[in-house]
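For reference, the structure is listed below as structure tokens.
The values are calculated or read from the model by the stated rules, or taken from the named source; none is laboratory data. Note that the structure is predicted; figures quoted are calculated from it, not measured. So basically every Cβ, Gly included, is an ideal-geometry build from the backbone, and we count neighbours across all protein chains shown.
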């Protein structure tokens, strides 16, 4: 049975300072410039993935120049031997954060032919949130000339018996340890172990979509194996890149072309280190009173609205996904008519601090989604509204660490 995953020749750095090497995902702290400025100081002069990706907070800051420099850095890191390629295999990761004791993951390659990001999909690998098509071209500009990819994509699988990743974790002492270090900027700690023999692992994963099992869980024979938890737009970009490349390839060339695959981390949704947090809307550069008056006409479900240093609870009738769709539609309409900007923020305190620092800002806070409902919801209804949930707090997001050649 197809699983859409395979071994990869994973790249790791040759460095004595792994803490400087690994850096948090590009789409985090997009309204907190201090984080990125402090990170730059922390890793200055050392081999670091910060040289090899584009933090989204700088997307409007000389993008062509920044992208050219990233591609130049990738070539230099490869030419100077600053990264080395492991034999084909996978990596078991064990992450602790300031909020969870342990999160277990499996880094491997996924087949982009088995992934779809449309709102309603029957693919093995599916998006959990709506994909904004206009967000793909800027990312595609970065990827199309890149030599290496580094994943912040985290993909969930539905193993309520905890028999796959957890079994590997119990046997980790029999695996070769690849890294073991503290992550910079308060991101916790991470260990990595090389998985050379993966046939048994892949077979166990394939049984997650046995017909009898999925009919019992989802009410239909749905071959839904993986749900993209984090990094959907990055994966959608990789898919768009592959779709463009494969048009000029023969069927034989398509089978194992490196651009057909993308590196990602697989995590069991029942892992104790996985918990969902709502993603909030931070709207600024607006007339606060006008915005709030319009928001009163919107059924956003059970939300909290923070403005003028005061938080007000609002009890609407809409359920969580529909409420978010309604609020997002209102924000979009307001910004088109009157101007302003919207950003997506994790955490009550971070949102309130951002709003309180401005006189022209509003924060909207949603309820939390139960992670156990995710697979059944996506199987039945399709992708959630974009930015419905985050897996943990911002500092718990995946750090760029392992790489893979994509040319």
Scanning region 325-351 for residues that are crowded, with 18+ Cβ neighbours inside 10 Å, at pLDDT 95 or above and more than 19 Å from residue 293 (Cβ to Cβ) gives 351
Taking the condition of being surrounded by 18 or more Cβ atoms within 10 Å (Cβ to Cβ) and under 20 Å from residue 322 (Cβ atoms), how many residues in region 353-370 meet it? 4
Would a scan of region 61-82 turn up a residue that is part of a loop (DSSP other than H, G, I, E, B) and within 20 Å of the chain's Cα centre (by Cα)? no
Among the strands (runs of 3 or more DSSP E) lying completely within region 306-407, list those that include at least 3 residues that are closer than 22 Å to residue 268 by Cβ and within 19 Å of the chain's Cα centre (by Cα). 389-391
Taking residue 12, is it closer than 30 Å to residue 125 by Cα, touching a strand residue (DSSP E or B) at 6+ places or on another chain (Cβ under 8 Å) and assigned by TED's automatic domain parsing to the domain that holds residue 150? yes
Restricting region 92-123 to residues that are under 18 Å from the mean Cα position of the chain (by Cα), in a loop (DSSP other than H, G, I, E, B) and within 26 Å of residue 247 (Cα to Cα), the residue that is modelled with the lowest pLDDT: 119
Within region 371-384, track down each residue that is in contact with a strand residue (DSSP E or B) (Cβ under 7 Å, 6 or more places away or on another chain) and either on the phi > 0 side of the Ramachandran plot or crowded, with 21+ Cβ neighbours inside 10 Å (or both). 375, 378, 383, 384
Here are some residues: 200, 182. Which one is in a helix (DSSP H, G or I), modelled with pLDDT of 95 or more and surrounded by fewer than 16 Cβ atoms within 10 Å (Cβ to Cβ)? 200
Scan region 263-283 and tell me whether some residue there is touching a residue at least 24 places away in the same chain (Cβ under 8 Å) and part of a helix (DSSP H, G or I). no
Can you tell me how many residues within region 129-146 are buried (at least 17 other Cβ atoms within 10 Å of the Cβ) and modelled with pLDDT of 90 or more? 2
Does residue 259 qualify as being under 25 Å from residue 8 (Cα atoms), in the same structural domain as residue 93 (by TED's automatic domain parsing) and in contact with a strand residue (DSSP E or B) (Cβ under 8 Å, 6 or more places away or on another chain)? no
Look at region 17-60 and say how many of its residues are within 24 Å of residue 281 (Cα to Cα) and outside any helix (DSSP H, G or I). 13
Taking residue 222, is it in a loop (DSSP other than H, G, I, E, B), within 20 Å of residue 124 (Cα to Cα) and modelled with pLDDT of 95 or more? no
